[in-house]
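Step one of this worksheet: look at the structure below.
The values are calculated or read from the model by the stated rules, or taken from the named source; none is laboratory data. All of these numbers come straight from a predicted model, not from anything done at the bench. Note that each Cβ is placed from the backbone with ideal geometry, even for glycine, and that neighbours are counted across all protein chains shown. For the accessible areas, the whole protein counts, side chains as well, though only heavy atoms, and no ligand, DNA or RNA atoms are used. Shrake-Rupley method; radii C 1.70, N 1.55, O 1.52, S 1.80 Å.
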Amino acid sequence: MRAIVIGAGMGGLATSIRLAAAGHDVTVLERTPVVGGKLATLHEQGYTFELGPTLLTMPHLYDELFALTGKSLADEVDLVRLDRPFRYVWGPPGTALDVFDDDVAFRSELEAFASGAGDEWDRFRTRAASIWATAERTFMAGPMGSPWSFARRLRNPLDLARIDGNRTLAKSAAAHFTDPRLAQMVGRYATYSGSSPYQVPATLACIAHIEREFGCWHVSGGLGQLRDAVERLARHVGVDIRVGVDVGRVLTDHGQVAGVELADGGVELADVVVANVDAMHLYRDLLPLPKVVKELEVIPRSSSAFVVCAAVTGRTENIAHHNVWFSRDDRMEFRQLELGQAATDPTIYACVSTVTDPSMAPRDTENWYILVNLPPAVGVDRKLMTAAVLNRLAERGVDLRSRIQFTRTLIPADFEVRYRAIDGAIYGTSSNGKKAAFQRPSNIGPVDGLYLVGGSSHPGGGLPMVATSARIVADLVADRHG
C-alpha cells in the first residue's frame, strides 16, 4: 500500500513512521523548507528560541516510535526532567508560587502559600487522576467521529461522571480551592489548547495528573532536537520526506482517495492520504466540501498569540524555566478574548530555557520566549505590542527593557502564513463547550482512504496529543487497509 502524508508536522512524521514500520510505502510532502510544523526554532546570534511548543510531557509517546525499530528516545536526545518547572506570580505586589516536581516539596510550597492548600491539591490531584484513567481508555483510545464512537469505549455509565464533562474547568477549580489564585492557576490547563477555563469541560483537569505523573521535560538544545531525531527515525524506516513541495489538491476516484495533485501540476498516486494540515484548509482548499466548511465555520476557533523572542543580557533573579504572570482579572481577560479583543490586562507566559540549559544562549545571557494570548484574526502592531508586553512585565517586577539585544515577534497573521492556520488559530477549533470533543474534525475523512492527523483533528494540539493522533490514524489504516 502507498500512503502520502501532507505536511511534515510532528503528527505527520509520527504517522509516517508508524505506517512505514508496518511495511507501507510512505511519502511525506512538506510545503516549507523544513519539517516539524509548529515545532519550530529560531537560531540567531548564538541564541536558540522555541517558536512553538516549549514543554514536553509524556515523552513515552515518542519513545514508542523509536521502539518500533528497536531504538530508544533517550539514545537520540538528552531528556531533562525539570525539578522546578513552573513559577506562578500574582500581583503586584508579586506573590509567587513555585511548582516543584517533587510532591513533598510542592505540597510544602502550597501550604506556605495558602493554609489548607496542600490538602485541597491532593483532592484535586486524585480527581484529576481518575479523569485521566477514564479519558485514556475512552477519549484517547480511538477516533471521535460521533458520540456513539466514544460511547462504545465506555465500560459503564459511571465513566461519564468520571470524566467530569458537565461542568467547566473554572467551576471544578473553584469547588476544589479556597484561594482564587489557585483556581486561576488551574485555569492555565485550558489555555494549553487555546481555550477558556470558563468554557472548557473540567475534563482538562487531568493535565494536573499528567504533569505530576509523567513529568515536565526539557530536551537539551531545545525541542528542535526532538524534531530532528524524529525526522532521522522517519528516514531510517524508509519514509521519503520531500520539503518545498506544495500540495494543491487531494484527488479522488469514485469516492476513494487516488492521490494528490501538486501545486506545480505534478501528480502523486496513493491508496491512502493522511492530511497533517488545518482541517479548514483541507476542506476549503485541498478537497473542497462546502457543507463541511460550513460546519467548521460555526465552531469557535482556538486563540492565537503574540510572541516575543527576546535576547537578554545578564541574569534574572527568581525565575523558573516556565513562568506565568497572571492577569488581575482573568474573567475580564477571557471575556475580551471571546469578544475578539486583545485583553487589556493579559496573562503573560515566558519560557526562559537558559535557566535549565545555558547552551541555548551566549554566556551570561537569557533567551526569553514571551507569549500573550490573542483572539484569532486580530491585527497587531508589532512595536506597540512588544512595548506594551515589556512594560507590563516591568510593572510586575521584571524589567528587561534595558537588557534586550534584539527581539523577534510572531503575530496571528504569521501563524496563518507559516502554517496555513486559518485566522492564525494555533490549535484549529477550541476546546470550549461540552460538545467540543465531538465537533473537532474526525481522524476519518469523508472520502475512503482519507485521514486527518495533528493539532486541528482529534484529540487536539500539543506534542502528546499529536503523537496520540498518529497512533489512532495508523491503527485506522491497519484496520481498513491492511
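Which one of these does L39 not meet: (1) open to solvent by 60 Å² or more (accessible area, probe 1.4 Å); (2) in a loop (DSSP other than H, G, I, E, B)?
Condition not satisfied by L39: (1).
If I go through the stretch 146-165 residue by residue, how many of them are farther than 30 Å from T178 by Cβ and in a helix (DSSP H, G or I)?
Within the stretch 146-165, residues that are farther than 30 Å from T178 by Cβ and in a helix (DSSP H, G or I) number 5.
Cβ contacts < 8 Å: first residue more than 16 Å from G52 (Cβ to Cβ), restricted to the stretch 393-417; second residue among the aromatic types (F, W, Y) and surrounded by 15 or more Cβ atoms within 10 Å (Cβ to Cβ), any location; separation 6+ or different chain. Result?
Between residues of the stretch 393-417 that are more than 16 Å from G52 (Cβ to Cβ) and residues that are among the aromatic types (F, W, Y) and surrounded by 15 or more Cβ atoms within 10 Å (Cβ to Cβ), the close pairs are L393/W325; R396/W325; V398/W325; L400/W368.
Can you tell me which residue among L61, L29, L65 is part of a helix (DSSP H, G or I), modelled with pLDDT of 95 or more, open to solvent by less than 10 Å² (accessible area, probe 1.4 Å) and among the aliphatic types (A, V, I, L, M)?
L65
All but one of (1) within 30 Å of V80 (Cα to Cα); (2) at pLDDT 95 or above hold for R382; which doesn't?
(1)
Just to check your reading of the model, which residue among A343, A350, A394 is at pLDDT 95 or above, open to solvent by less than 10 Å² (accessible area, probe 1.4 Å) and either touching a helix residue (DSSP H, G or I) at 6+ places or on another chain (Cβ under 8 Å) or assigned to a strand (DSSP E or B) (or both)?
A350 is the lone residue from the list that is at pLDDT 95 or above, open to solvent by less than 10 Å² (accessible area, probe 1.4 Å) and either touching a helix residue (DSSP H, G or I) at 6+ places or on another chain (Cβ under 8 Å) or assigned to a strand (DSSP E or B) (or both).
Restricting attention to the stretch 208-230, which residues are among the small types (G, A, S) and either surrounded by fewer than 21 Cβ atoms within 10 Å (Cβ to Cβ) or under 25 Å from T69 (Cα atoms) (or both)?
G215, S220, G221, G222, G224, A229 - these are the residues of the stretch 208-230 that are among the small types (G, A, S) and either surrounded by fewer than 21 Cβ atoms within 10 Å (Cβ to Cβ) or under 25 Å from T69 (Cα atoms) (or both).
Does Y451 satisfy the criteria of being of a type in the set (F, W, Y) and either open to solvent by 10 Å² or more (accessible area, probe 1.4 Å) or farther than 25 Å from A3 by Cβ (or both)?
no
State all residues of the stretch 108-145 that are assigned to a loop (DSSP other than H, G, I, E, B), open to solvent by 40 Å² or more (accessible area, probe 1.4 Å) and closer than 22 Å to Y451 by Cβ; if no residue qualifies, say none.
The answer is F139, A141, G145.
Residues in the stretch 441-453: is at least one over 22 Å from I163 (Cα atoms), over 16 Å from the mean Cα position of the chain (by Cα), in a loop (DSSP other than H, G, I, E, B) and small (G, A, S)?
Yes - at least one qualifying residue is present in the stretch 441-453.
Identify the residue in the stretch 193-207 that is buried (at least 19 other Cβ atoms within 10 Å of the Cβ) and assigned to a loop (DSSP other than H, G, I, E, B) and, among all such residues, is farthest from the chain's Cα centre (by Cα).
Residue satisfying both the conditions and the ranking: Q199.
If G70 satisfies all but one of (1) without any contact (Cβ under 8 Å) to a residue 24 or more places away in the chain; (2) open to solvent by 70 Å² or more (accessible area, probe 1.4 Å); (3) under 30 Å from A20 (Cβ atoms); (4) within 23 Å of the chain's Cα centre (by Cα), what's the number of the condition it fails?
All conditions are met except number (4).
Within the stretch 449-464, is even one residue free of Cβ contacts under 8 Å to residues at least 24 places away in the same chain and of a type outside the set (G, A, S)?
no
Of the conditions (1) closer than 20 Å to G194 by Cβ; (2) assigned to a helix (DSSP H, G or I), H458 fails just one. Which one is it?
Every condition holds for H458 apart from (2).
Tell me which residues, restricted to the stretch 149-165, are without any contact (Cβ under 8 Å) to a residue 60 or more places away in the chain, of a type outside the set (A, V, I, L, M, F, W, C), within 12 Å of A135 (Cα to Cα) and open to solvent by less than 40 Å² (accessible area, probe 1.4 Å).
Passing the criteria: D159, D164.
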